[in-house]
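The values are calculated or read from the model by the stated rules, or taken from the named source; none is laboratory data. Not measured: the values here are computed from a predicted model. Neighbour counts are summed over all protein chains in view; Cβ atoms, including those assigned to glycine, are modelled from backbone coordinates with ideal geometry. Remember, those area values only see protein heavy atoms, side chains included, never the ligands or the DNA or RNA. Shrake-Rupley method; radii C 1.70, N 1.55, O 1.52, S 1.80 Å.
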Amino acid sequence: MSTLDCFNLSDFSENVLLVEMNKDEKFSDRTAIFISLSEYLRKTFDWMEVVSAEGSIALKYNSLDIPNTKAKSLILDKLKEFSYQEESREKSLLRIPVYYSEEFGLDIKDVASEHSLTSQEITDLHSGTTYEVKMIGFTPGFAYLGDLPKELIMPRLSRPRINLLPGSVGISGNRTGVYTLGGPGGWRIIGRTPLKLFDPDKKNPFGISPDMRVKFNPISKQEYESYTI
């Protein structure tokens with residue numbers, strides 16, 4: 001794929017442009033294309049902030065330094081040059097240990113009630129799927145993983161929690177993820193991992209990257225408490 005016609009560039013606000021893919025473009029993995037494009041744009045422009053989502057990329061620039069028409073022209077030129085090559089190599093598999101329980105799974109009972117499942121069935125469904133990285137954002141190291149088994153699909157909480165524990169594993173819609181830093185969050189929490197997935201002291205602080213697949217491994221409370229990296 002190497003064509004400007006695949007993308008739309010539009011104004012999102014006075015200093016933010018939005019790149020989206022044309023609705024009639026049918027690719028098997030749009031997520032991979034947007035991840036690749038966002039990385040390409042970050043390397044291309046040092047005057048622009050690139051914020052990627054699953055179906056779009058927001059490009060923020062200083063409108064006092066560069067006019068809107070100039071920014072659009074430069075971006076369109078780079079979109080024309082962008083070439084996506086589907087990777088043929090196998091993605092690495094990251095296994096994340098999780099203690100699924102009512103103790104740490106604050107919403108596991110509600111999920112069980114909503115879908116007429118036992119806690120063990122929730123554990124089996126969630127850990128029995130291998131997930132792709134769909135997007136990374138919200139907080140440092142937070143990866144949106146999908147697709148969640150349809151039996152576990154739940155809406156967000158109507159009122160988000162203010163302070164989740166780091167490592168809390170949540171589900172929302174057809175996505176799952178780990179709250180690497182804890183903090184506020186509205187996803188349904190079904191367990192917790194002892195694995196530290198964001199470490200600012202490391203050269204690469206991110207435990208999950210777009211070139212990975214992710215699988216969750218159930219562990220006991222004893223294994224959780226005695227876990228070491």
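Which of the residues that make up segment 129-143 are modelled with pLDDT under 95 and of a type outside the set (D, E, K, R)? It would help to see each step written out before you state the result.
Our first condition is that a residue be modelled with pLDDT under 95; within segment 129-143, this holds for 132-143.
Across segment 129-143, the qualifying residues are Val133, Met135, Ile136, Gly137, Phe138, Thr139, Pro140, Gly141, Phe142, Ala143.
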Which pairs do you get when a residue that is without any contact (Cβ under 8 Å) to a residue 12 or more places away in the chain and more than 30 Å from Ser38 (Cβ to Cβ), found in segment 109-138, comes within reach of a residue that is β-branched (Val, Ile, Thr) and surrounded by 18 or more Cβ atoms within 10 Å (Cβ to Cβ), reach meaning Cβ atoms under 9 angstrom, with the pair 6+ apart or on two chains?
Ala112/Ile122
Suppose we filter segment 59-83 for residues that are hydroxyl-bearing (Ser, Thr, Tyr) and open to solvent by less than 40 Å² (accessible area, probe 1.4 Å); how many remain?
1
Output for segment 89-116, where each listed residue is among the hydroxyl-bearing types (Ser, Thr, Tyr) and within 23 Å of Val133 (Cα to Cα)
Ser92, Tyr99, Tyr100
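Restricting to segment 1-51, give me the number of residues that are modelled with pLDDT of 80 or more and small (Gly, Ala, Ser).
4
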Taking only segment 42-58 into account, find how many residues are among the hydrophobic types (A, V, I, L, M, F, W, C) and under 18 Å from the mean Cα position of the chain (by Cα).
5
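Check whether at least one residue in segment 81-95 is under 30 Å from Lys221 (Cβ atoms) and of a type in the set (D, E, K, R), and report yes or no.
yes
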Going by the structure shown, is Pro210 touching a helix residue (DSSP H, G or I) at 6+ places or on another chain (Cβ under 7 Å), assigned to a loop (DSSP other than H, G, I, E, B) and at pLDDT 95 or above?
no
Residues that are touching a helix residue (DSSP H, G or I) at 6+ places or on another chain (Cβ under 7 Å), within 19 Å of Asn217 (Cα to Cα) and either crowded, with 18+ Cβ neighbours inside 10 Å or without any contact (Cβ under 8 Å) to a residue 12 or more places away in the chain (or both): does segment 140-148 have at least one?
no
Go through the residues of segment 176-194 one by one and say whether even a single one is modelled with pLDDT under 95, charged (D, E, K, R) and not in a helix (DSSP H, G or I).
no
Would you check if there is a residue in segment 186-193 being open to solvent by 30 Å² or more (accessible area, probe 1.4 Å), more than 14 Å from Ser101 (Cα to Cα) and of a type in the set (Lys, Arg)?
no
Mind checking which pairs have a first residue in segment 188-217 that is of a type in the set (S, T, N, Q) and a second that is not in a strand (DSSP E or B), Cβ under 7 Å, 6 or more apart or different chains?
Thr193/Gly167; Asn217/Ser127
Kindly check whether there is at least one residue in segment 202-214 that is of a type in the set (Ser, Thr, Tyr) and within 16 Å of the chain's Cα centre (by Cα).
yes
Just one of (1) touching a Gly at 6+ places or on another chain (Cβ under 9 Å); (2) under 23 Å from Lys91 (Cβ atoms); (3) not β-branched (Val, Ile, Thr) trips up Pro194, so point out which.
(2)
Mind checking whether some residue in segment 93-103 is surrounded by fewer than 19 Cβ atoms within 10 Å (Cβ to Cβ) and closer than 26 Å to Val50 by Cβ?
yes
